[in-house]
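The values are calculated or read from the model by the stated rules, or taken from the named source; none is laboratory data. Values in this document were obtained by computation on a predicted structure and should not be read as measured data. Cβ atoms come from the backbone with ideal geometry, glycine included; neighbour counts cover every protein chain shown.
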Amino acid sequence: MKTMRFWTLMVGMISLLALQPTAQQAKPQNAQQVLDRMAQAMGTAQATKFRTIQVAGTIQYPAQGLQGRFEAFYQTPNKYLLKVTLQGIGEIQQGYDGKVGWEKSPLTGLRQLQGAELEQIRQSATMGANNDVRKTLRNPRLQGQEKVGSRDTFVITAQSPTGAPVKLFIDTQRYLPLRMDMEVATPQGKLNTSTLFEDYRKVDGVMYAFTTRQRTANIEAVVKIERVRHNASISDSVFRMPKN
């Protein structure tokens, strides 16, 4: 938040629009039909009108007693910057300028991302800018239905562009993604994450999950959005890799 999104937590903060289907809508028969309805529910068409997106809020790791703030910037078509400041640790940054992916933190210093980590941040940049998760899924398949909490969901399995497994749970009534399980690349190797999406709110015709809960290696992060701004002026320089 976008951890996807710290580098994966922001996957949990992608904008989503609730759709109330009419009684005349036929039940979707395959993954692509579900995903297309999800895209409509996400407000993808409206989101493509935004040149920039700026999201800010709080992040907590309850079990570890850590808390802080985050700010994420997206610029069409594929630029991304995430800043996270945690009490007792300092500022963590991760960015992508359309070509180069990078990370800077008190723990690892400044480093350029390569391989699966680079592809991962590229996905975050693209999906954050255009709000269309369909572009990051390969070989989606509808695997039936399961419950997430009290809600019935369609279950779709797929792969990311790097071949990592993805499992998406989409509300059968509102076509809101309620959960996403996926494998993410980290400096410590591949880890499995599970992200829950909650508290949807509409901003300029697009709905955002204002609370996400991500569990990675038995560590839970809770991300809460406080502010969303569209089409704010953002300099290209903020996305570039720092010199030191």
For region 196-203, indicate whether the set of residues that are surrounded by 15 or more Cβ atoms within 10 Å (Cβ to Cβ), in contact with a Leu (Cβ under 9 Å, 6 or more places away or on another chain), more than 16 Å from Ser124 (Cβ to Cβ) and of a type in the set (Lys, Arg) is non-empty. no
Do we find that Thr126 is at pLDDT below 95, of a type in the set (S, T, N, Q) and within 20 Å of Gln188 (Cα to Cα) in this structure? no
Among the residues of region 184-208, which ones are of a type in the set (Gly, Ala, Ser) and either at pLDDT 95 or above or more than 17 Å from the chain's Cα centre (by Cα) (or both)? Gly189, Ser194, Gly205
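Which residue is surrounded by the most Cβ atoms within 10 Å (Cβ to Cβ), if the candidates are limited to region 99-113 and must be of a type outside the set (A, V, I, L, M, F, W, C) and assigned to a loop (DSSP other than H, G, I, E, B)?
Going residue by residue through region 99-113, those that are of a type outside the set (A, V, I, L, M, F, W, C) are 99, 101, 103-106, 108-109, 111-112.
When the remaining residues are screened for being assigned to a loop (DSSP other than H, G, I, E, B), the result is 99, 106, 108.
Working: Lys99: 12, Pro106: 10, Thr108: 10.
Looking at the filtered set, the residue picked out is Lys99.
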Can Ala26 be described as surrounded by fewer than 20 Cβ atoms within 10 Å (Cβ to Cβ), at pLDDT 95 or above and of a type in the set (A, V, I, L, M, F, W, C)? no
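Among the residues of region 129-151, how many are exposed (fewer than 15 other Cβ atoms within 10 Å of the Cβ) and either within 15 Å of the chain's Cα centre (by Cα) or part of a strand (DSSP E or B) (or both)? Don't jump to the end; show me each part of the working.
As a first pass, look at region 129-151 and keep what is exposed (fewer than 15 other Cβ atoms within 10 Å of the Cβ): 135, 138-139, 141, 143-147, 149-150.
If we keep only those that are either within 15 Å of the chain's Cα centre (by Cα) or part of a strand (DSSP E or B) (or both) as well, we get 135, 138-139, 141, 143-147.
Count: 9.
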